[in-house]
Amino acid sequence: MTDMGALTPLRAFGHGRHRHPRHGFGRRSAGAFTLVELLVVIGIIAIMIAILLPALNGARKRARATQCMSNLRQIATAMVMYSETNRGFVIPSYTMSGVAGGAGVPLDGWAPILDRDGYIKGRQALDNSVFLCPDTLDIEGMKGGQTGDDRGKPQGWMDWPNLRLGVDNVATTIPARGFTKIIRVGYWINADNPIGSATTVTPDLFYTCSVGYGPGTNGVSLNYQKTSRIRRPSLLITLADGVYAGRQRDARFGVTNSRIGYRHSGADGKPAANVAFADGHVEVIGGQQFPRAQGGSITMAQAQADNFPDRPTVYANPERALGPPP
């Protein structure tokens, strides 16, 4: 007769599907996640990313704005040094002859001058250049002659030296004058640049000018300006986020043909521009506070309100240009 007790161990182990829960099929192993638990974890990670991403983007944006201000500070300091080593003359926005430019009139530019003379080195690449804000858009800002209503163009760049051919500017080197490379620039300079046709000329009006332009309709040509003609260096704007120069009357954010770039944000979160001054310091100016020059639709009273009293100004001598404060 079979010993029933001998079968007990076999029955105890049974087949595989009856194994101990720790090893049995149809049950999860210790430490494993269920599908629901994985979905919960993924959801938590997605929420954390959604919370952190704006903060990270904001940090990167602030870092780029800080780098832009550092660039402007370096350039403004170099401009001060240029004046000190050149008998007090302000660096020209560019040098030229006549009033219209053309194939025989290459325009050097303030950035190539600083590069050639050893103050700051520039390059044509869109990154790692002091002459470009890190937020410069890869847009030829003055293509077609004006920025129009395109808010991207003032945030773009312009290549120097160049030839003004019609309304376009074609990059070129000028080896005979020591300009052997093209430099891409993403900053606006506060200059009197009436190139294109003859117009009335007022010497020492803004920070600098296109030296050699003329004669104007009043028989005057633009010449090198001197720092001694600047009334308040700590208030005179020299550079700003933007492209090219001039159009001081159209400097506000969103205005047609504005050349100020407004690549950054002010404390109120609204569009703002980083700005350098004639004494070398830098500030941030909001898109509705940038001072405007008289002309076009800007009346004398509006220009006086923008540039007086003790406010940032585009004029080398506001009282001489606009009369006494109201």
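Of note:
- Answer from 320, 247, 311, 229 - the residue that is under 22 Å from the mean Cα position of the chain (by Cα) and not aromatic (Phe, Trp, Tyr): 247
- In the range 296-310, the residues that are without any contact (Cβ under 8 Å) to a residue 40 or more places away in the chain form Cβ pairs under 6 Å with partners that are hydroxyl-bearing (Ser, Thr, Tyr), at six or more places apart or across chains, as follows: 307/313; 307/315.
- Lone qualifier among 318, 325 - being out of contact with any Cys (no Cβ under 8 Å at 6 or more places or on another chain), farther than 27 Å from residue 160 by Cβ and modelled with pLDDT under 95: 325
- Take the conditions (1) in contact with a strand residue (DSSP E or B) (Cβ under 7 Å, 6 or more places away or on another chain); (2) closer than 22 Å to residue 158 by Cβ; (3) not hydroxyl-bearing (Ser, Thr, Tyr); residue 254 misses just one of them, which is (1).
- Residue 263 satisfies every condition listed in (1) in contact with a Gly (Cβ under 8 Å, 6 or more places away or on another chain); (2) of a type in the set (Lys, Arg); (3) closer than 24 Å to residue 143 by Cα except (1).
- Any hit, the range 52-72, residues being over 23 Å from the mean Cα position of the chain (by Cα) and either within 23 Å of residue 240 (Cα to Cα) or not β-branched (Val, Ile, Thr) (or both): yes
- Among the residues of the range 240-290, those identified as surrounded by 19 or more Cβ atoms within 10 Å (Cβ to Cβ) and acidic (Asp, Glu) are 241, 250.
- If the condition is being touching a residue at least 12 places away in the same chain (Cβ under 8 Å) and part of a loop (DSSP other than H, G, I, E, B), then the range 146-165 contributes 146, 147, 148, 149, 151, 152, 156, 161.
- Of all residues in the range 311-326, those being surrounded by 17 or more Cβ atoms within 10 Å (Cβ to Cβ) and in contact (Cβ under 8 Å) with a residue 40 or more places away in the chain number 7.
- Screening the range 79-98 for residues that are under 14 Å from residue 110 (Cα atoms) and among the small types (Gly, Ala, Ser) and picking the one that is surrounded by the fewest Cβ atoms within 10 Å (Cβ to Cβ) gives 83.
- Evaluated against (1) polar (S, T, N, Q); (2) without any contact (Cβ under 8 Å) to a residue 12 or more places away in the chain; (3) closer than 27 Å to residue 165 by Cα, residue 70 falls short on exactly one condition, (3).
The values are calculated or read from the model by the stated rules, or taken from the named source; none is laboratory data. Not measured: the values here are computed from a predicted model. Because the Cβ atoms are built from the backbone with ideal geometry, glycine has one as well, and the counts that use them run over all protein chains shown.
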